[in-house]
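Asker: I'd like to ask some things about the structure below.
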Amino acid sequence: MEDKKDILILGIESSCDETAASVVRNGRQVLSNVISSQIELHKLYGGVVPEIASRKHIENINQVIEEALRQAEVTLDDLDAVGVTYGPGLVGALLVGVSEAKAISYAKKLPLIGVHHIEGHISANYIENPDLEPPFACLVVSGGHTHLVVVRDYGKYEIIGRTRDDAAGEAFDKVARAIGLGYPGGPKIDRLSKEGNAEAIHFPKAHVADAPYDFSFSGLKSAVLNYLNGCKMKGETVIAADVAASFQKAVIDVLVEHSMMAVKEFGFTKFAIAGGVASNSSLRAAMEAACRKNHVKFYHPSPIFCTDNAAMIGAAAYYEYLAGTRHGWDLNAVPNLKLGER
């Protein structure tokens, strides 16, 4: 073992409806990863209610952090820094995590490191892939984001493609609601698609003329709704599994096409996916096949590190810590934080 001291970072994540805390050693070794999900609560409303999410974070955050420290068998005195998501996300939810991180940092005189949520998702790939180092391309797909990112170095990113309207995960949720599956839509459509015929219905794949890497999913969502309304008006039976499979294929085809186009243009030999939708089994299979065909090494986090979690924040915070990133007591929640901003 090297002489250098291990760096232990407490990661905190509260940007949406998961209250999470994790202790990460040297950016890649997860000693604990505790997630308190609010999905059952928000299911009643068909989506995340920001005010309820914020209140639940306040109720849960101390216990979640205590449990993360207990599982890692460390105390606050053993930590080297505190990393916390400060944007983007729901402002009230973010504020809970930021306030908690500031309190711990102040009480224990620890460096405070604000982490961008998407940087966290990208960094989730480092946890289980010791050989993965920048540069590489990464597709971040979640309920709130669809970004195609060039990872130049640790902490250095260039967004080359983004959605012009709905994020992929948002489209999944809306279509799931329309065919009566409920919330959260992504996992339910993934499951139902396995029973359907992806070639049954032709849904459009949108391409943005002036920006080849950008995405647009609102037209596809409208096409699904129009198809369902058309069936209703004509008295035709809707085969929900076929709708789900055909819709999912239209989304995945575009994600894969844009990703492989970027890999070829930039000459990357490594490609990663991240974010909640990255746990979709059909997307993983399609990306794996495309990467194999293009002789590109494919990386993806385990499903537990695709969902919002704090291990990914601890991993990202480690590299920010090494780069000298430190935040003061004026660190605030920034709901629309852009990737690459400080």
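The values are calculated or read from the model by the stated rules, or taken from the named source; none is laboratory data. Keep in mind that this is a model prediction, so the values were computed, not measured. For neighbour counting, all protein chains shown are included, and Cβ atoms are generated from backbone atoms with ideal geometry for every residue, glycine included.
Asker: For residues that are within 28 Å of W329 (Cβ to Cβ), part of a strand (DSSP E or B) and of a type in the set (S, T, Y), tally how many sit in the range 130-158. Steps first, please.
Answerer: Our first condition is that a residue be within 28 Å of W329 (Cβ to Cβ); within the range 130-158, this holds for 144, 154-157.
In the following step, the residues that additionally are part of a strand (DSSP E or B) were identified as 156-157.
Add one more test, that the residue is of a type in the set (S, T, Y), and what stays is 157.
Final tally of qualifying residues: 1.
Asker: Would you confirm whether any residue within the range 273-284 is free of Cβ contacts under 8 Å to residues at least 40 places away in the same chain and farther than 18 Å from S123 by Cβ?
Answerer: yes
Asker: Could I ask something else about it? Within the range 305-323, can one find any residue that is without any contact (Cβ under 8 Å) to a residue 60 or more places away in the chain and acidic (D, E)?
Answerer: Initially, the range 305-323 is screened for residues without any contact (Cβ under 8 Å) to a residue 60 or more places away in the chain, giving none.
Scanning the range 305-323, I find no residue that is without any contact (Cβ under 8 Å) to a residue 60 or more places away in the chain and acidic (D, E), so the answer is no.
Asker: For the range 171-225, how many residues meet the condition of being crowded, with 21+ Cβ neighbours inside 10 Å and either basic (K, R) or outside the structural domain of A244 (by TED's automatic domain parsing) (or both)?
Answerer: Residues that pass the stated criteria total 1.
Asker: Tell me yes or no: at least one residue of the range 60-82 is in the same structural domain as A317 (by TED's automatic domain parsing), over 21 Å from A315 (Cα atoms) and touching a strand residue (DSSP E or B) at 6+ places or on another chain (Cβ under 9 Å).
Answerer: yes
Asker: Does the range 121-129 include one or more residues that are closer than 29 Å to H42 by Cα and in a loop (DSSP other than H, G, I, E, B)? Even if it seems obvious, please write down each step before you answer.
Answerer: Of the range 121-129, the ones closer than 29 Å to H42 by Cα are 121-125.
This time we only want the ones that are in a loop (DSSP other than H, G, I, E, B), so: none.
Taking every residue of the range 121-129 in turn, none turns out to be closer than 29 Å to H42 by Cα and in a loop (DSSP other than H, G, I, E, B).
Asker: Given (1) among the small types (G, A, S); (2) closer than 14 Å to E13 by Cβ; (3) in contact with a helix residue (DSSP H, G or I) (Cβ under 9 Å, 6 or more places away or on another chain); (4) surrounded by fewer than 22 Cβ atoms within 10 Å (Cβ to Cβ), where does A93 come up short, assuming only one miss?
Answerer: Here A93 meets the rest and fails (4).
Asker: If you check S99 against the conditions, is it out of contact with any helix residue (DSSP H, G or I) (no Cβ under 7 Å at 6 or more places or on another chain) and buried (at least 21 other Cβ atoms within 10 Å of the Cβ)?
Answerer: Values: out of contact with any helix residue (DSSP H, G or I) (no Cβ under 7 Å at 6 or more places or on another chain): yes; buried (at least 21 other Cβ atoms within 10 Å of the Cβ): no.
The answer is no for S99.
Asker: Let me ask another. Given the criterion in a helix (DSSP H, G or I) and either crowded, with 21+ Cβ neighbours inside 10 Å or free of Cβ contacts under 8 Å to residues at least 40 places away in the same chain (or both), identify the matching residue among A289, A241.
Answerer: Values: A241 fails: either crowded, with 21+ Cβ neighbours inside 10 Å or free of Cβ contacts under 8 Å to residues at least 40 places away in the same chain (or both).
After ruling out the rest, the residue left standing is A289.
Asker: Right, something else. For the subset of the range 292-303 comprising residues that are modelled with pLDDT of 95 or more and not in a loop (DSSP other than H, G, I, E, B), which member is nearest to the chain's Cα centre (by Cα)?
Answerer: Filtering the range 292-303 for residues that are modelled with pLDDT of 95 or more and not in a loop (DSSP other than H, G, I, E, B), the one nearest to the chain's Cα centre (by Cα) comes out as Y299.
Asker: Among the residues that make up the range 256-274, is at least one of them assigned to a helix (DSSP H, G or I), within 18 Å of the chain's Cα centre (by Cα) and surrounded by 15 or more Cβ atoms within 10 Å (Cβ to Cβ)?
Answerer: Step one: of the range 256-274, the residues assigned to a helix (DSSP H, G or I) are 256-266.
Add one more test, that the residue is within 18 Å of the chain's Cα centre (by Cα), and what stays is 256, 259.
Right, trim to surrounded by 15 or more Cβ atoms within 10 Å (Cβ to Cβ) and you get 256, 259.
Yes, the range 256-274 has at least one match.
Asker: I'd like the full set of residues that are over 22 Å from D166 (Cα atoms) and among the aliphatic types (A, V, I, L, M), limited to the range 110-140. Steps first, please.
Answerer: Residues of the range 110-140 over 22 Å from D166 (Cα atoms): 110-115, 123-136.
Answer for the range 110-140, where residues must be over 22 Å from D166 (Cα atoms) and among the aliphatic types (A, V, I, L, M): L110, L112, I113, V115, A124, I127, L132.
Asker: Checking the conditions here, which among L228, L331 is more than 24 Å from P134 (Cβ to Cβ) and in the same structural domain as G155 (by TED's automatic domain parsing)?
Answerer: Working: L331 fails: in the same structural domain as G155 (by TED's automatic domain parsing).
Checking each option against the conditions leaves just L228.
Asker: Which of (1) within 21 Å of D214 (Cβ to Cβ); (2) hydroxyl-bearing (S, T, Y); (3) assigned to a loop (DSSP other than H, G, I, E, B) does Y183 not meet, given it meets every other one?
Answerer: With respect to (1) within 21 Å of D214 (Cβ to Cβ); (2) hydroxyl-bearing (S, T, Y); (3) assigned to a loop (DSSP other than H, G, I, E, B), Y183 is out only on (1).
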